[in-house]
Amino acid sequence: MAVSWRSWLANEGSKHLFLFLWLSLNVWLFWKTFLLYYRGLQYYYLHQMLGLGLCVSRASASVLNLNCCLVLLPMCRVLLAFLRGSQKVARRKTRRLIDKSKTFHVTCGVTICIFSVLHVAAHLVNALNFSENYNEEFLAINAAHYRGEDPRKLLFATVPGLTGVFMVLVLFLMCTASTYAIRISNYDIFWYTHNLFFVFYMLLMLHVSGGVLKYQTNLEEHPPGCFNPNKTLRENMTVPKAFQEPFPNHTTEPFPEDLSVPEPFVQNNFMRICSEEPKFQSHFPETWFWISGPLCLYCVERLYRYIRSNKPVTITSVISHPSNVLEVRMIKDDFQARPGQYVILHCPRVSGLESHPFTLTMCPTDTKATFGVHLKVVGDWTERFRDLLLLHSNQDTEILPIFQQRRYPKLYVDGPFGSPFEESLNYEVSLCVAGGIGVTPFASVLNTLLDGWKRYKLRRLYFIWVCRDVESFRWFADLLCMLHDKLWQENRPDYINIQLYLSQTDGIQKIIGEKYQALNSRLLIGRPRWKLLFDEIAKCNRRKTIGVFCCGPNKISKILHKLSNSSNSYGTRFEYNKESFS
């Protein structure tokens, strides 16, 4: 399969270029900081004691500062939703980079892990060097108290060492719990351990306040390697009467011929003389400057989200659909959302700490304030939530009038937040592919088009929905039929191309009789032939840019991603987008 470089650059090139530039920036920052501590005169004495361990530890610390500063920004969901929905980011390519916020967050996390290993290894060497290279002449820069002191005391009996050990443990828990296997098998472990980031940042602030590594402050009065006659000569030599008077500072006069000068202090018959001992001072904790801004921004956003979601919503109806799917419709004052966005639901009676994201399947409009979500009952949280909402969890429940409704549990909604599917209405042609319950983000798009499609840029929509059983199509069968009839009445039957695929052929039957005749004719058996489908779409939309949106199994996503990057003879370019909750 030939690759279209233009399509590859549109889909993957920008992400790969950004990751390459980010990696280059980290390597450049590491190298520049390494050279600073290797060549810097203010670190001369410390470098003589610690060697390259000093350079590696400080260089890795600078990279950690940068990544710890930026790793929180992709998690500021309100900020990202604002940038996506405002006119501040007008270009679609730039907005698509916002969709890679999770990738950037993971990249920063991996970078933190890698350079933390370097940082820890360098400080282990430093602890050993502090003990072995103890020098009584420079007590100010010695972390050890005597020569041969156990290096483990520096790690477990000092604030920087102890906080460093705890930070390594926290980082290990967060990294291991973030692996794909754990996130899939037990999401709760990932959720709870990831919230240890706040403990990590508090330990980081204490860690940098120890001031173990110091630099020389009086370089002018005491250049490294200078000759101090008031100390060295009077201790080790007989000083002539001519030198009984105090020596002037920074004299560059040649030594008298009758003075025997030690070889290390002689350079071309001249030497630098000083009369002041070196003075050392701890660095101000620069890490505070790096992380204070993003950490405060993140905390302010979380406070804003808490205030915004503090009032519970009013549940107007609950519908139990086939195949263990539950629909919840709600009303909330001043709630506004765009099609394709998602919200985070929190029900204290189900779990006091857990919250889960769900894509909106119905957005509020100018004429109705109701919004809703569809959720698949597949885990403990959704099972308990269903049992609280339905009168009897084992039977279907239709919409009940307000006066007949049961007393629903309190439900809090945080959001809405942006997703790539907001862009589906901003293409002239869009291809939307859903697998099973992955249809939910497209349901809000279809609902929006039902209210009015002329005000959007979208002029043709290809909607592909793949399900295992025929009953799953009933989730949005009414919506699809209403939209189909509306477009026929407006003489735009070509506006939407609906294709429904039934992947399992056991028990084939019509969807629901004559009521869904429009969908029965579009029901196909088997799996889509993706290559032929892409070729047909490219042929019908020559030299156009088509937005490809997928929400479903990874297998389908990989196929669509590969086909979007492939070339075609019609000059059509496909831009791939995929659902990814931050």
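The values are calculated or read from the model by the stated rules, or taken from the named source; none is laboratory data. It should be emphasised that the depicted structure is a prediction, and the values quoted were computed from it without experimental measurement. Methodologically, a virtual Cβ is constructed for each residue, glycine included, from the backbone with ideal geometry; neighbour enumeration extends over all protein chains shown. Note: areas computed on protein heavy atoms with side chains; ligands, DNA, RNA excluded. Shrake-Rupley method; radii C 1.70, N 1.55, O 1.52, S 1.80 Å.
The table below gives the values:
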{"read-out": "Top-ranked residue of the stretch 91-131 - restricted to ones that are open to solvent by 70 Å² or more (accessible area, probe 1.4 Å) and under 30 Å from T545 (Cα atoms), ranked as modelled with the lowest pLDDT", "value": "R91"}
{"read-out": "Pairs where the first residue, in the stretch 521-542, is outside the structural domain of R468 (by the TED database) and the second is buried (at least 17 other Cβ atoms within 10 Å of the Cβ) and of a type in the set (S, T, Y), C-beta under 8 Å, 6+ apart", "value": "none"}
{"read-out": "Lone unmet requirement of (1) surrounded by fewer than 20 Cβ atoms within 10 Å (Cβ to Cβ); (2) in the same structural domain as C551 (by the TED database); (3) closer than 22 Å to G372 by Cα for G435", "value": "(1)"}
{"read-out": "Top-ranked residue in the stretch 362-390 [being in contact (Cβ under 8 Å) with a residue 40 or more places away in the chain and of a type in the set (D, E, K, R); ranked as surrounded by the most Cβ atoms within 10 Å (Cβ to Cβ)]", "value": "R386"}
{"read-out": "Of all residues in the stretch 302-337 being among the aliphatic types (A, V, I, L, M) and open to solvent by 30 Å² or more (accessible area, probe 1.4 Å), the one that is nearest to V470 (Cα to Cα)", "value": "I331"}
{"read-out": "Selected residue (criterion: farthest from G340 (Cα to Cα)) from residues of the stretch 568-579 that are out of contact with any His (no Cβ under 9 Å at 6 or more places or on another chain) and assigned to a strand (DSSP E or B)", "value": "R573"}
{"read-out": "Among (1) at pLDDT 70 or above; (2) of a type outside the set (D, E, K, R); (3) open to solvent by 20 Å² or more (accessible area, probe 1.4 Å) - the single one H250 does not satisfy", "value": "(1)"}
{"read-out": "Entirely in the stretch 1-57, the helices (runs of 4 or more DSSP H) that have 3 or more residues that are at pLDDT 85 or above, closer than 23 Å to L118 by Cβ and out of contact with any helix residue (DSSP H, G or I) (no Cβ under 8 Å at 6 or more places or on another chain)", "value": "14-39"}
{"read-out": "Residues of the stretch 180-237 classified as in a loop (DSSP other than H, G, I, E, B) and at pLDDT 85 or above, total", "value": "2"}
{"read-out": "When residues of the stretch 338-361 are limited to those that are part of a loop (DSSP other than H, G, I, E, B) and within 19 Å of L83 (Cβ to Cβ), the one most open to solvent (accessible area, probe 1.4 Å)", "value": "R338"}
{"read-out": "Qualifying position, being hydrophobic (A, V, I, L, M, F, W, C) and modelled with pLDDT of 90 or more, among V377, V433", "value": "V433"}
{"read-out": "The stretch 543-577, residues that are touching a residue at least 60 places away in the same chain (Cβ under 8 Å) and either more than 27 Å from T107 (Cβ to Cβ) or not assigned by the TED database to the domain that holds A434 (or both)", "value": "K544, T545, I546, S567, N568"}
{"read-out": "Leading residue by the ranking (nearest to the chain's Cα centre (by Cα)) among those in the stretch 417-432 that are buried (at least 23 other Cβ atoms within 10 Å of the Cβ) and assigned to a strand (DSSP E or B)", "value": "C432"}
{"read-out": "Given (1) assigned to a helix (DSSP H, G or I); (2) under 30 Å from N129 (Cβ atoms); (3) of a type in the set (K, R), number of the condition R147 does not satisfy", "value": "(1)"}
{"read-out": "Pairs, first within 13 Å of L171 (Cα to Cα) in the stretch 186-203, second modelled with pLDDT under 85 and part of a helix (DSSP H, G or I), C-beta under 9 Å, six or more apart", "value": "F190/R183"}
{"read-out": "Residue within the stretch 153-166 that is surrounded by fewer than 19 Cβ atoms within 10 Å (Cβ to Cβ), in contact with a strand residue (DSSP E or B) (Cβ under 7 Å, 6 or more places away or on another chain), part of a helix (DSSP H, G or I) and modelled with pLDDT under 80 present", "value": "no"}
